Amino acid sequence: MDVDSSAAVHPGRRGRKKRISTVALLGPAFVAAIAYVDPGNVAANLTAGAEYGYLLVWVLVAANLIAVLVQYLSSKLGLVSGKSLPSLLGDRLNRRSRLAYWSQAEIVAIATDLAEVIGGAIALKILFDLPLLLGGIIVGAVSLFLLSIQSTRGQRPFETVIIALLAIIAIGFLAGLVVGDVNWGQAAGGIVPRLEGTNSVVLAASMLGATVMPHAIYLHSALSVDRHGSASRASIPRLLRASRWDVVLSLVIAGSVNIAMLLLAAASLRGQDGTDTIEGAHSVVTANLGEVVGLFFGIGLLASGLASSAVGSYAGASIMQGLLRLDVPIVWQRAVTMIPALIVLAIGADPTWSLVLSQVVLSLGIPFAMIPLVRLTMDRSVMGRYANSRGITIAAIAASGLIIVLNVVLLVLLALGLD
């Protein structure tokens, strides 16, 4: 399928038109997909597989299906309205409401960065035996360098770098399945939804928060606007078709990586001592599957931390700009979200469980992003004829309801102290 680039990217331009393929329009969803394979996913998925085997495969399958729907809606909102989700919310909320909404979004951004910086620091410790605090500082510095590519070279070079890191992540975590002893019958049985006690609910919420990440919902609309600008109305159908391919392809890769992590843990880590941390899991994987697989594991984790940290900062800046209407230098935004992660590393808190709990916080933040997204994309005053169909609306509301119910169950169980 070909797209008229002069209409799609530069509406109103006169003169000779260029024709570009759909492949050339891919990219924004691949950047957003980094959020779905960040170190929080690694911690949540490895912990779930090591403790419960194949029990929670269904959570990842459901979460990825929800993610496809949500990320497409976010992209569509940006393409049709010409504004990001945070900007549209900022236009509709009064000052006090905007500050309150930004506060919860900033907590989400901090929880996101906690996972990414800590995960990258753990990877540097695994690969080079660096102290965690020093590793966290290095991850923050490299993420700023990656962001400088976007600010100085533009959107496309930044997307290229992030897609390359996504490929490294995929290879790093899929490598273990080649030599792992996965019980595919039990893995298929894990598609049937079920839970076993409070801890499995905590892990399910953590996996959901690590997969359907709120900052990715905010971000994708901004990525679409930054890539395509205010697209002409005539070009929107073609851009939407390209966006669907972009979302599906990127999230098939991300979903495969997530499921591979859980299957690897279920096959190689279940019932073994020392697998309650990422470092311990790496040691067991190396001992069971060999040095090469262990090296791929560490490299995949490092690429995950670096890429997701840069993407998370991009999201944080978009949220702050849209809700506070401030163009805050990315260095300052980076500092706001990175300092809590460095504090966690400095005080010696358990990094793996810090990662898992950060994903629970993200799960609690999903409805704050998802409900406005659904509401805006079904609003004809915003979307015109591109407003959600009845089927899409029902699916989006059902997905939002599932997430809210899981969060409520989690909070009730934790409050009651049930096991």
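The values are calculated or read from the model by the stated rules, or taken from the named source; none is laboratory data. Just so it is clear, the model here is predicted, and its values are computed rather than measured. Cβ coordinates were reconstructed from backbone atoms using ideal geometry, including for glycine residues, and neighbour counts include every protein chain displayed.
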ask   = Looking at (1) farther than 20 Å from Pro351 by Cα; (2) in contact (Cβ under 8 Å) with a residue 60 or more places away in the chain; (3) out of contact with any Leu (no Cβ under 7 Å at 6 or more places or on another chain), which is the only condition Glu196 fails?
value = (3)
task = Determine if the range 102-120 includes at least one residue that is under 23 Å from Ala317 (Cβ atoms), surrounded by 23 or more Cβ atoms within 10 Å (Cβ to Cβ), modelled with pLDDT under 90 and of a type in the set (Asp, Glu).
result = yes
ask   = If you scan the range 14-62, which residues turn out to be surrounded by fewer than 24 Cβ atoms within 10 Å (Cβ to Cβ), modelled with pLDDT under 80 and assigned to a helix (DSSP H, G or I)?
value = Thr22, Val23, Ala24, Leu25
message = Given the condition in a helix (DSSP H, G or I), in contact with a Lys or Arg (Cβ under 7 Å, 6 or more places away or on another chain), closer than 30 Å to Ser381 by Cβ and not β-branched (Val, Ile, Thr), answer yes or no: does some residue in the range 82-96 qualify?
response = yes
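Checking the condition part of a helix (DSSP H, G or I) and modelled with pLDDT under 80, which residue from Leu402, Leu410 passes? Explain how you work it out, then say what you get.
Details: Leu402 fails: modelled with pLDDT under 80.
Being part of a helix (DSSP H, G or I) and modelled with pLDDT under 80 holds for just one of Leu402, Leu410, which is Leu410.
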inquiry  = Suppose the filter is closer than 23 Å to Ala281 by Cα and touching a residue at least 24 places away in the same chain (Cβ under 8 Å); does Gln359 pass it?
reply    = yes
Where a residue in the range 53-72 is closer than 13 Å to Ser400 by Cα and its partner, wherever it lies, is polar (S, T, N, Q), with Cβ under 7 Å and at least six apart = Ala63/Thr211; Ala67/Thr211
query = So which residues in the range 141-161 are crowded, with 16+ Cβ neighbours inside 10 Å, within 18 Å of the chain's Cα centre (by Cα) and not aliphatic (A, V, I, L, M)?
reply = Ser143, Phe158, Glu159
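Evaluate the following for Thr211: is it of a type outside the set (D, E, K, R) and within 23 Å of the chain's Cα centre (by Cα)? So that I can check it myself, show each step before the final result.
On the way: of a type outside the set (D, E, K, R): yes; within 23 Å of the chain's Cα centre (by Cα): yes.
Yes; evaluated as a whole, the condition is true for this residue.
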note = Per the filter on the range 314-354, residues assigned to a loop (DSSP other than H, G, I, E, B) and either of a type in the set (S, T, N, Q) or within 18 Å of Leu144 (Cβ to Cβ) (or both) are Asp327, Val328, Pro329
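Do we have Asp379 as surrounded by fewer than 22 Cβ atoms within 10 Å (Cβ to Cβ) and in contact (Cβ under 8 Å) with a residue 40 or more places away in the chain here? Even if it seems obvious, please write down each step before you answer.
Details: surrounded by fewer than 22 Cβ atoms within 10 Å (Cβ to Cβ): yes; in contact (Cβ under 8 Å) with a residue 40 or more places away in the chain: no.
Judged against the criteria, Asp379 is not a match.
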message = Between Leu77, Leu124, which is in contact with a helix residue (DSSP H, G or I) (Cβ under 9 Å, 6 or more places away or on another chain) and more than 30 Å from Leu345 (Cα to Cα)?
response = Leu77
key: Options Ser87, Ser97; residue that is small (Gly, Ala, Ser), farther than 25 Å from Gly305 by Cβ and free of Cβ contacts under 8 Å to residues at least 24 places away in the same chain   = Ser97
message = Can you pull out every residue in the range 227-243 that is hydroxyl-bearing (Ser, Thr, Tyr) and either surrounded by fewer than 22 Cβ atoms within 10 Å (Cβ to Cβ) or closer than 27 Å to Leu114 by Cβ (or both)?
response = Ser230, Ser232, Ser235
note = In the range 162-189, anything buried (at least 17 other Cβ atoms within 10 Å of the Cβ) and either in contact with a Lys or Arg (Cβ under 8 Å, 6 or more places away or on another chain) or within 20 Å of Ala29 (Cβ to Cβ) (or both) is listed as Ile162, Ile163, Leu165, Leu166, Ile168, Ile169, Ala170, Phe173, Leu174
note = Counted residues in the range 221-254 being closer than 13 Å to Leu77 by Cβ and among the charged types (D, E, K, R) come to 0
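Suppose we keep only residues that are touching a helix residue (DSSP H, G or I) at 6+ places or on another chain (Cβ under 9 Å) and outside any helix (DSSP H, G or I) within the range 382-399. Which one would you say is surrounded by the fewest Cβ atoms within 10 Å (Cβ to Cβ)?
At the first step, the residues of the range 382-399 found to be touching a helix residue (DSSP H, G or I) at 6+ places or on another chain (Cβ under 9 Å) are 382-384, 386-388, 392-393, 395-397, 399.
Checking the rest, the ones that are also outside any helix (DSSP H, G or I) come to 387-388.
Details: Ala387: 17, Asn388: 21.
Per the stated criteria, the residue is Ala387.
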key: Condition check for Ala43: closer than 17 Å to Met207 by Cβ, of a type in the set (A, V, I, L, M, F, W, C) and touching a residue at least 60 places away in the same chain (Cβ under 8 Å)   = yes
message = Can you say whether Asp246 is over 18 Å from the mean Cα position of the chain (by Cα) and either closer than 22 Å to Asp113 by Cα or in a helix (DSSP H, G or I) (or both), as far as the supplied structure shows?
response = no
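Scan the range 177-200 and give yes if some residue there is of a type in the set (A, V, I, L, M), within 17 Å of the chain's Cα centre (by Cα), part of a helix (DSSP H, G or I) and under 22 Å from Ile299 (Cβ atoms), otherwise no.
The initial filter retains those residues of the range 177-200 that are of a type in the set (A, V, I, L, M), namely 177-179, 182, 187-188, 191-192, 195.
Filter once more, so that each one left must be within 17 Å of the chain's Cα centre (by Cα): none.
No, every residue in the range 177-200 fails to be of a type in the set (A, V, I, L, M), within 17 Å of the chain's Cα centre (by Cα), part of a helix (DSSP H, G or I) and under 22 Å from Ile299 (Cβ atoms).
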message = For Ala315, only one of the following conditions fails: (1) modelled with pLDDT of 90 or more; (2) farther than 20 Å from His282 by Cβ; (3) crowded, with 21+ Cβ neighbours inside 10 Å. What is its number?
response = (1)
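Please verify whether Ser224 is surrounded by fewer than 24 Cβ atoms within 10 Å (Cβ to Cβ) and among the polar types (S, T, N, Q), treating the condition exactly as stated.
Values: surrounded by fewer than 24 Cβ atoms within 10 Å (Cβ to Cβ): no; among the polar types (S, T, N, Q): yes.
It is false that Ser224 is surrounded by fewer than 24 Cβ atoms within 10 Å (Cβ to Cβ) and among the polar types (S, T, N, Q).
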